[in-house]
């Protein structure tokens, strides 16, 4: 079955500390993976996608097919990074996304 | 340009009633998807429409249906409402050109069934 697992509901760190939000997936074939973010009182928005291999707001994510993971990392967390983060997988083509349960990142001053 | 617009923002309905939610995608976007978000199940895919045709469907009962109009606006309908249908319903708009096309989310319609 196709599935996305985010094992942590809450990740609490201090400003300047490194951050790693974990995402593991189950998918047969070549996965297309994304990270979406929802800041307080805002709508969900795309943070980054694995195919672009880009860094957005200092975040990066590398697809590891051997470990079936797509962890989101940032070397130095900022308070404005506090948000809900969702890992998502495209399933069955087109725009059907399977989401993980989400991880709330809280960055403390 | 205007973002994805969902109306109404909030709804309260009684069990057994039916409800229609509306979504206006970003201008030029031909794909509209719908998701249900609940604390227990998270974000779950309902269906996707592209150029007035349903391309993809999630694992929801037939009480959940949708359609898309020629101007790409979409509606979803839930009939014979149950308490468990209480959720935030999110509309997602994209160009629809492929699976890696960026998806833009609406702010959602919060449905409460009493």
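Bear in mind these aren't lab numbers, they're just calculated from the coordinates by the rules spelled out. Note that this is a predicted model, so its numbers are computed, not measured. Cβ atoms come from the backbone with ideal geometry, glycine included; neighbour counts cover every protein chain shown.
Counting only strands (runs of 3 or more DSSP E) that sit completely within region A:46-109, zero hold 3 or more residues that are surrounded by 14 or more Cβ atoms within 10 Å (Cβ to Cβ) and in contact with a helix residue (DSSP H, G or I) (Cβ under 7 Å, 6 or more places away or on another chain).
Per the listing A:58, A:66, A:29, the residue uniquely over 10 Å from the mean Cα position of the chain (by Cα), on the phi > 0 side of the Ramachandran plot and away from chain B (no Cβ under 14 Å) is A:58.
The residue that is farthest from residue B:111 (Cα to Cα), counting only those in region B:49-71 that are surrounded by fewer than 11 Cβ atoms within 10 Å (Cβ to Cβ) and within 14 Å of chain A (Cβ to nearest Cβ), is B:53.
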